[in-house]
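Novice: Got a structure for you, questions after.
The values are calculated or read from the model by the stated rules, or taken from the named source; none is laboratory data. No experiment lies behind these values; they were computed from the predicted model shown. Counting neighbours? That spans all protein chains shown, and the Cβs are built from the backbone with ideal geometry, glycine included. The accessibility values were calculated without ligands, DNA or RNA, using every heavy atom of the protein model including side chains. Shrake-Rupley method; radii C 1.70, N 1.55, O 1.52, S 1.80 Å.
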Amino acid sequence: MAEPILRVREIHKSFDSTGVLRGVSLDIQEGEVIVIVGPSGCGKSTLLRCINGLETVDSGEIWLRGEKISGRTRDLYRVRQKIGMVFQSYDLFPHMKVMDNLLLGPTKALGRPRQEVEAEALRMLERVGLREKAYALPRTLSGGQKQRVALVRAMLMQPDILLLDEITAALDPEMVSEVLNVVIDLARGGMTMAIVTHEMRFAEAVADRVLFLEDGHVVEEGTPEVFFHHPQTERAQQFLRSFTYASKRDKGEEQPKNNAGD
Amino acid sequence: MDWSFMLAHVPDYLAGAWVTLRFGLYGILCSLAVGLLCCLARFFRVPVLRQIAGGYIELARNTPLLVQLFFLYAGLPRVGIRFSAETCAVIGLTFLGGAYMAEAFRSGLEAVDRAQIEAGACLGLTRTQNIRYVIFPQALATAVPALFANVIFLIKETSVFSVLAMMDLMNVADTLRTSGGRTVEVLCMLIAAYLLILLPVSVIATRVERRLRYAGFGDQHSV
Ligand SMILES: Nc1ncnc2c1ncn2[C@@H]1O[C@H](COP(=O)(O)OP(=O)(O)OP(=O)(O)O)[C@@H](O)[C@H]1O
Ligand SMILES: [Mg+2]
């Protein structure tokens, strides 16, 4: 197999002596999409934040394209230029128009010429259906629109890998698919991604590989077909059951007979 | 009311207003610069400078301007440092104002959402770029009401300049009152003069604050 784009080796991370990540390892190949799922608080966000240095690991190593990026303190910004990250809260800069949000990274961090980036930004906005919002202020956009802009903003940095942390968690249900379709489009275009999500059907559609994280460990890892339909571990089975509901008609005799207020 | 007396002394008040405004403005501009430097020293946790800034802010905010001016004008000459009254006025006002401006900037910086700072970092901006393009503009927008409140406060504080024998508004009025005795007229004109200076500042402050709100801040309230 080729050298992975991202290599995470045995990383540990604690907050106030509670171990959140307890020896996590993973490899991501070029063009691969991995989806990380697991119960709330299992350390998914912490894992992504360690990768781009928003949190420092206690031990273990992280490599990007053969270059060690963990344990740095000084030129962390150079590493982050190659790692895109989008959060659930979009975090567009409220004092800048959409276009200025998009241009900031490429022109200031990468020093690319403004006109060139602007043309590219317009093309990408077109692709996500937001060409006419290019010069609007973020506050005039819906949540779904903001999140699509945030994706474009990250992509314009031409990162080696894109980290997405529950990017639809704050959205109204009807806006979820407009955002996730953009992600699927990026995946088809060959973008390497690590995605944390609670949208299981999206996970199944977009993932090349699924990692199930619990208690700071990768408990199960496999293709979406296997993970979602034939999960190997008891804990993954339990986790996946929590996304389904028992029908009220399944076990009629267990329904309470006396309704309140009769 | 003796209207002819009042009319006759309008030029005196104009001269006084000029002194109040001019040295008030110098002091305010220097205060902004000192405040910004102190605030950045604390924000960047610059060793030594940060402690000096912290000590200075407490000292300046917890002593009266009058005492600070006495120290500059009457105290320092005893150890051989002598400034003109005007220089003392500007230094004194800056000493007091710098501390208040630093606190106003700090409240603005602290109000910037952590997620915004992280978003800037995720774009690969250096810390300086992040402060310049992402953090500071947002901090400034939050700090504007406090900064304007300080401007108004400092202009009012200039009335203490009269102890330096500077002919500011306060001293003009005081001189007229003790020589001519028309106390009511003299004080009415004094109040009117301060109002004419400060009301426009208040109006501008309100406009700027409203503009900044409409410019898209307070984003979190509109999903
Ligand atoms: N900065 C921090 N300080 C202290 N504890 C933290 C910090 N960040 C995260 N934690 C703790 O670490 C654990 C893992 O948090 P993390 O946000 O990584 O979970 P998660 O898997 O992303 O959960 P969710 O699905 O709810 O987003 C949680 O118990 C959380 O309280
Ligand atoms: Mg999380």
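Novice: Report, in degrees rounded to the nearest 10, the 0 to 90 angle that the Cα long axis of helix B:10-43 makes with the longest principal axis of chain B.
Specialist: 20 degrees
Novice: For chain A, what is the calculated [θ] at 222 nm in deg cm²/dmol (nearest 500), taking -39500 (n - 2.57) for each run of four or more DSSP H residues and dividing by its residue count? List each step's numbers first, then the result.
Specialist: Values: 9 runs with 84 residues, N = 262.
Value at 222 nm, helices only: -9000 deg cm²/dmol.
Novice: Would you report the distance distribution of C-alpha pairs in the protein assembly as shown as whole percents per 20 angstrom bin, up to the bin with the largest distance?
Specialist: 19, 38, 25, 14, 4, 0
Novice: Still on this model: Using a 10 Å cut-off around each Cβ of peptide B:124-133, what is the average number of partner chain Cβ atoms that fall inside?
Specialist: Numbers: counts 18, 7, 6, 2, 1, 5, 4, 0, 1, 7.
That average works out to 5.
Novice: Follow-up question, since we're still on this one. Filter the cross-link list A:LYS44/A:LYS108; A:LYS13/A:LYS68; A:LYS82/A:LYS146; A:LYS44/A:LYS97 down to pairs whose alpha-carbon distance in this structure exceeds 24 Å.
Specialist: Details: A:LYS44/A:LYS108 30 Å; A:LYS13/A:LYS68 17 Å; A:LYS82/A:LYS146 22 Å; A:LYS44/A:LYS97 31 Å.
A:LYS44/A:LYS108; A:LYS44/A:LYS97, as the Cα separations exceed 24 Å there.
Novice: Ignoring solvent entirely, what values of log10 I(q)/I(0) come out of the Debye formula for the range B:3-215 at 0.12, 0.19 Å⁻¹ when each Cα is a single scatterer?
Specialist: Each listed q corresponds, in turn, to -0.73, -1.31.
Novice: What trypsin sites (Lys or Arg not before Pro) in the range A:187-233 are in a loop by DSSP, with at most 15 other Cβ atoms within 10 Å of the Cβ? The partial results should precede the final answer.
Specialist: Values: sites: A:ARG188, A:ARG201, A:ARG209; in loops: none.
Here no trypsin sites (Lys or Arg not before Pro) fit, given the DSSP loop and packing criteria.
Novice: Rg/Rh for the range B:101-223: what does it come to with C-alpha atoms and Rh from Kirkwood?
Specialist: On the way: Rg = 21.3 Å, Rh = 17.6 Å.
Taking Rh as the inverse mean 1/r over Cα pairs, Rg/Rh reads 1.21.
Novice: Moving to a separate point now. Computing the accessible area with a 1.4 Å probe over protein heavy atoms, can you report the carbon and sulfur percentage for the range B:114-221? Provide the component values of the computation, followed by the final result.
Specialist: Details: 3380 of 5370 Å².
Reported share for carbon and sulfur atoms: 63 percent.
Novice: Now, a different point. Please give, to one decimal in nm, the separation of the simple spin-label points placed at B:ILE191 and B:PHE153, each 7 Å out from Cα toward the Cβ.
Specialist: With each label point 7 Å from Cα toward Cβ, the separation is 2.4 nm.
Novice: Identify the trypsin sites (Lys or Arg not before Pro) of the range B:1-89 meeting these criteria: DSSP loop state and at most 15 other C-beta atoms within 10 Å of the C-beta.
Specialist: Numbers: sites: B:ARG22, B:ARG42, B:ARG45, B:ARG50, B:ARG61, B:ARG78, B:ARG82; in loops: B:ARG45, B:ARG82.
Hits after loop and neighbour filter: B:ARG45, B:ARG82.
Novice: Another question about this same structure. State, in square angstrom and to the nearest 100, the accessible area buried between chains B and A, both chains counted, probe radius 1.4 Å.
Specialist: Details: alone 12920 and 13870 Å², together 24530 Å².
Chains B and A together bury approximately 2300 Å².
Novice: When the helix-only estimate is applied to chain B (DSSP H runs of n ≥ 4, each -39,500 (n - 2.57), divided by the residue count), what is the mean residue ellipticity at 222 nm, nearest 500 deg cm²/dmol? Mind showing how you got there, number by number?
Specialist: Numbers: 9 runs with 161 residues, N = 223.
Result for chain B, helices only: -24500 deg cm²/dmol.
Novice: Cα centroid distance between the range A:55-96 and the range A:122-148, in Å?
Specialist: Cα centres, the range A:55-96 to the range A:122-148: 25 Å.
Novice: What's the average, rounded to a whole number, of partner chain beta-carbon atoms within 10 Å of each residue's beta-carbon in A:85-94? Could the numbers behind the result be given before it?
Specialist: Numbers: counts 5, 2, 4, 1, 7, 4, 11, 4, 11, 12.
That works out to 6 on average.
Novice: What is the Cα centroid distance between the range B:137-173 and the range A:186-241, reported in whole angstrom?
Specialist: 62 Å
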